[in-house]
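These notes are about the structure you will find just below.
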Amino acid sequence: MLKVENLHVSVEDREILKGVDLSIGAGEFHVIMGPNGSGKSTLALTIAGHPKYTITEGRILFGGEEITHLAPDERAKRGVLLAFQVPPDVEGVKIIDFLQQVLIELKGMGPVEAYDLIVKKAEDLWFKEEDLHRYVNVGFSGGERKRLELLQAILVEPKLLILDEPDSGVDVDSLSIISRKIEELNKRGTAILLITHYGRILEHLDKDSLRVHVMKDGRIIKTGSGNLVERIEREGFSDIFEEVGA
Amino acid sequence: MTETITISDAKAIIKNQIEELAKRNKEPNWMTRIRYKALEAFEKAPHNDPIISEEELLHFIAKPEIEGLPENIESLDDLPPEMKALLDRLGISEVEQKYIAGLAVQTDTGVIYNEFLKEWAKKGLIVLPTEEAVIRYPDLVKEHFLRLFHVDESKLTAYHTAVWNGGIFLYVKEGLKVPFPLHLFFLIQESALAQAPHIIIIAEKNSEFHLIEGCTAPILVKHSLHLDMTEAYFSEGSKGQLTVLQNWPEYVHTRPMTRAKIGNGARFINTTVGLGTGKSNVANPKYWVEEDGYVELNGILLGQKDWFVDLGGEMYLQGKGAAGINASKAVIMDNSTVITRGIIKAKAPKTKGHISCDALLLSDKATMETYPGLVSRVDDAELSHEAAIGKIREEELFYLMSRGLDEEKATQLIVKGFLEPMLKDIPMEFLVEIRKIIELAVSGGM
């Protein structure tokens, strides 16, 4: 479903991705791990179409169609959703108004139908109806931000959900609900590309069903099963880097 | 401008207008005398408008109405087609459309409001066209007419005073609390000589009201210069809100002159929403605040096309514990220029003042300038200011677009959100229209 081919990406003339290949089939669960600065977030943002990241070589295909140069909203309409590592504040825009508009745009829902669905799903992620009248992310804690990202994913039910460190800066309780919701989405058919530093968020998942990629210096240097996560947790990255000569 | 209009030409024209107004209004002599005094002052009074030259002003006086508009608008079908199309797109009701076209002044809405106001008149609420108040409440008007201005301050004050016509007289009796906003429709005069409405607001002790003037949709006006004057008096403990909604055609210069006295413990919230593509708007409202009094000036501006806006605001905190806030938010597009220059002067102990100014620039050719002024004559005043001028943040736009909103819709949402916190006191029916106007402006459809 997603095919990233020989992707080279630069920001302000500095090359960050140096030839990434990645293939994700429908409903699969992929994990990307790697030290800071290895290019994980850049890969996520480039797939979602952030204008700051210039693709100098290679291409991105989604559902067989090239989306390398499509605007971010066009990618969203095709089924790609990125849950941000640090979603920005949107001053003056109420969550409910924003989510209603998203559902109208992406799902063709009517405003009333959208409203009811949002309130219902929000409850599962501990947002009360009055919370939805707050401005998007303004004054939110780390956990609230991540839960709001997850709420959007649950409402949209994308074909591919990219999660950029959904477990960073999150309290223990939020982490457990986030991890459960990711699993639920995956079971309902959404393919997942999850970027993380820790294995904790993957605890409940069937390790054999995971595909784990290790990134270093703008490249994927190793791909394996869920066992790779435990090994990284135990030994750190250096052994793997040595093993592959990276 | 082909012919030259001299100052004596202008004076002769003003003199004729005074005579016509005195006759038409059957006004008492004392009012006509005020007009003549203003005419005398006109010649020597200084003229210091940043946009309209003295020569231009004389031309406006000689020829106040612009050409090319339909002579007689008898039904909505007589409106210029672009305007009719815009009103339809905004989804504005027929009653309001008629008002906008100047048709409803004496018809539909006048009647509705008269019925309603009769009930409240018994309780001590007086709402009248100012001309009528001059005749029916001469003592009240005399006591408050032109007490906060000097006729010779400027040529514009003198000209306004000489030819003022239209406007509202609002009187709220001691202790009377009007529980709903009064939206008054009869500001625009059908066959005015000059567009110079005079508004007098008197809030007696512990009274409360919210007055909404104007309209969110563009108004078809025939005059290229709009000179309104507002004098507001708040007695001890009264609470008043004045919300001014403006959406001017692009040929109109507006020079609103607003001043208010805020008594002990009184509160005045003055909100101006400028949505239009007028030519220029220059205003420097002044407020004198007594002990524990409070004043808030909120400016919301949507600068489009070549609109030039210079929004001042002077607050004199002259009683102990007086407080003032001057807050503005501007979205500036196209070639528009917005300048804000609020001044707060603390003259008494324990006073507080704050100026804030935020601007969102949506075009490379848009300009924003801000000059906050804080003056303290005491050692325990708390005065502060903050300003932020910037464009839409890439991260915010990308975030919204990554949720499937196209660039236009994402921008609309950000712009509406930017202005939203300032619109807290605006009733819902206007908010809906204001939001639609913002959307149309952002997508270049105004």
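The values are calculated or read from the model by the stated rules, or taken from the named source; none is laboratory data. Quantities reported herein were computed from a predicted structural model and do not represent experimental measurements. With ideal geometry, Cβ positions are generated from the backbone for all residues, glycine too; neighbour counts draw on all protein chains shown. In case anyone asks, the SASA skips ligands and DNA or RNA and just uses the protein heavy atoms, side chains included. Shrake-Rupley method; radii C 1.70, N 1.55, O 1.52, S 1.80 Å.
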Going by what's in this entry, would residue A:244 be described as of a type in the set (Val, Ile, Thr) and open to solvent by less than 30 Å² (accessible area, probe 1.4 Å)?
no
Scan of the stretch B:357-405 for residues that are within 14 Å of chain A (Cβ to nearest Cβ) and touching a His at 6+ places or on another chain (Cβ under 7 Å), ordered by number:
B:398
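Here's the yes/no breakdown for (1) within 11 Å of chain B (Cβ to nearest Cβ); (2) on the phi > 0 side of the Ramachandran plot; (3) of a type in the set (A, V, I, L, M, F, W, C):
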{"residue": "A:59", "(1), (2), (3)": "no, no, no"}
{"residue": "A:64", "(1), (2), (3)": "no, yes, no"}
{"residue": "A:69", "(1), (2), (3)": "no, no, no"}
{"residue": "A:74", "(1), (2), (3)": "yes, no, no"}
{"residue": "A:86", "(1), (2), (3)": "yes, no, yes"}
{"residue": "A:89", "(1), (2), (3)": "yes, no, no"}
{"residue": "A:92", "(1), (2), (3)": "yes, yes, no"}
{"residue": "A:99", "(1), (2), (3)": "yes, no, yes"}
{"residue": "A:109", "(1), (2), (3)": "no, no, yes"}
Scan A:39, A:34 and give me the residue that is open to solvent by less than 30 Å² (accessible area, probe 1.4 Å), more than 22 Å from residue A:186 (Cβ to Cβ) and not aliphatic (A, V, I, L, M).
A:39
Within the stretch B:276-315, can you find the residues that are crowded, with 24+ Cβ neighbours inside 10 Å and within 19 Å of residue B:153 (Cβ to Cβ)?
B:281, B:287, B:311, B:313, B:315
Considering (1) under 25 Å from residue B:262 (Cβ atoms); (2) touching a helix residue (DSSP H, G or I) at 6+ places or on another chain (Cβ under 9 Å), say which one residue B:360 fails and leave the rest.
(1)
Return the pair list, or none, for Cβ contacts closer than 6 Å from residues in the stretch A:210-235 that are at positive phi to residues that are open to solvent by 40 Å² or more (accessible area, probe 1.4 Å) and assigned to a strand (DSSP E or B), at least 6 apart or on different chains.
A:218/A:18
Can you spot a residue in the stretch A:187-197 that is of a type outside the set (Lys, Arg), surrounded by fewer than 22 Cβ atoms within 10 Å (Cβ to Cβ) and part of a helix (DSSP H, G or I)?
no
Listed by range, strands (runs of 3 or more DSSP E) wholly within the stretch B:354-446 having at least 3 residues that are of a type in the set (A, V, I, L, M) and surrounded by fewer than 17 Cβ atoms within 10 Å (Cβ to Cβ) are B:382-390
Based on what the data block shows, is residue B:327 open to solvent by less than 30 Å² (accessible area, probe 1.4 Å), of a type in the set (Gly, Ala, Ser) and under 18 Å from residue B:379 (Cβ atoms)?
no
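Residues B:420, B:433, B:439: which one is among the acidic types (Asp, Glu) and either in contact with a strand residue (DSSP E or B) (Cβ under 7 Å, 6 or more places away or on another chain) or on the phi > 0 side of the Ramachandran plot (or both)?
Values: B:433 fails: either in contact with a strand residue (DSSP E or B) (Cβ under 7 Å, 6 or more places away or on another chain) or on the phi > 0 side of the Ramachandran plot (or both); B:439 fails: either in contact with a strand residue (DSSP E or B) (Cβ under 7 Å, 6 or more places away or on another chain) or on the phi > 0 side of the Ramachandran plot (or both).
Result: B:420 is the single residue among B:420, B:433, B:439 that is among the acidic types (Asp, Glu) and either in contact with a strand residue (DSSP E or B) (Cβ under 7 Å, 6 or more places away or on another chain) or on the phi > 0 side of the Ramachandran plot (or both).
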Single match in B:416, B:350, B:345 (criterion: within 9 Å of chain A (Cβ to nearest Cβ), touching a Lys or Arg at 6+ places or on another chain (Cβ under 8 Å) and closer than 27 Å to residue B:296 by Cα)
B:416
Here are the criteria: (1) in contact with a Gly (Cβ under 8 Å, 6 or more places away or on another chain); (2) open to solvent by 10 Å² or more (accessible area, probe 1.4 Å). Tell me which single one residue B:254 does not satisfy.
(2)
Long-range neighbours under 6 Å by Cβ, at least six apart or interchain, first residue modelled with pLDDT of 95 or more within the stretch B:36-48, second open to solvent by 60 Å² or more (accessible area, probe 1.4 Å) and outside any loop (DSSP other than H, G, I, E, B):
B:47/B:54
Can you find a residue in the stretch B:121-140 that is farther than 30 Å from residue B:48 by Cβ, loosely packed, with under 13 Cβ neighbours inside 10 Å and at pLDDT below 75?
no
Are any residues in the stretch B:226-251 closer than 25 Å to residue B:58 by Cβ, at pLDDT below 90 and crowded, with 20+ Cβ neighbours inside 10 Å, and if so, which ones?
B:226, B:248
Of (1) part of a strand (DSSP E or B); (2) open to solvent by less than 10 Å² (accessible area, probe 1.4 Å), residue B:269 satisfies every one except (2)
I'd like to check something: does the stretch B:8-27 contain any residue that is at positive phi, modelled with pLDDT under 95 and open to solvent by 60 Å² or more (accessible area, probe 1.4 Å)?
yes
Which residue is modelled with the lowest pLDDT, if the candidates are limited to the stretch A:131-186 and must be open to solvent by less than 20 Å² (accessible area, probe 1.4 Å), of a type in the set (S, T, N, Q) and closer than 26 Å to residue A:101 by Cβ?
A:174
Kindly establish whether residue A:13 is of a type in the set (Asp, Glu), open to solvent by 10 Å² or more (accessible area, probe 1.4 Å) and more than 14 Å from chain B (Cβ to nearest Cβ).
yes
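Does the stretch B:321-329 contain at least one residue that is part of a loop (DSSP other than H, G, I, E, B) and not aromatic (Phe, Trp, Tyr)?
Taking the stretch B:321-329 first, the residues part of a loop (DSSP other than H, G, I, E, B) are B:321-322.
Now narrow it down to the ones that are not aromatic (Phe, Trp, Tyr): B:321-322.
For the stretch B:321-329, residues part of a loop (DSSP other than H, G, I, E, B) and not aromatic (Phe, Trp, Tyr): present.
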Enumerate the pairs (first residue in the stretch B:339-363 and of a type in the set (Val, Ile, Thr) and at pLDDT 95 or above; second residue anywhere and buried (at least 24 other Cβ atoms within 10 Å of the Cβ) and not in a loop (DSSP other than H, G, I, E, B)) with beta-carbon separation below 6 Å, excluding pairs fewer than 6 apart on the same chain, so at least 6 apart or on different chains.
B:340/B:311; B:340/B:328; B:340/B:357; B:344/B:315; B:344/B:324; B:344/B:353; B:351/B:317; B:355/B:326
Please indicate, with yes or no, whether at least one residue in the stretch B:186-198 is modelled with pLDDT of 95 or more, of a type in the set (Gly, Ala, Ser) and surrounded by fewer than 21 Cβ atoms within 10 Å (Cβ to Cβ).
no
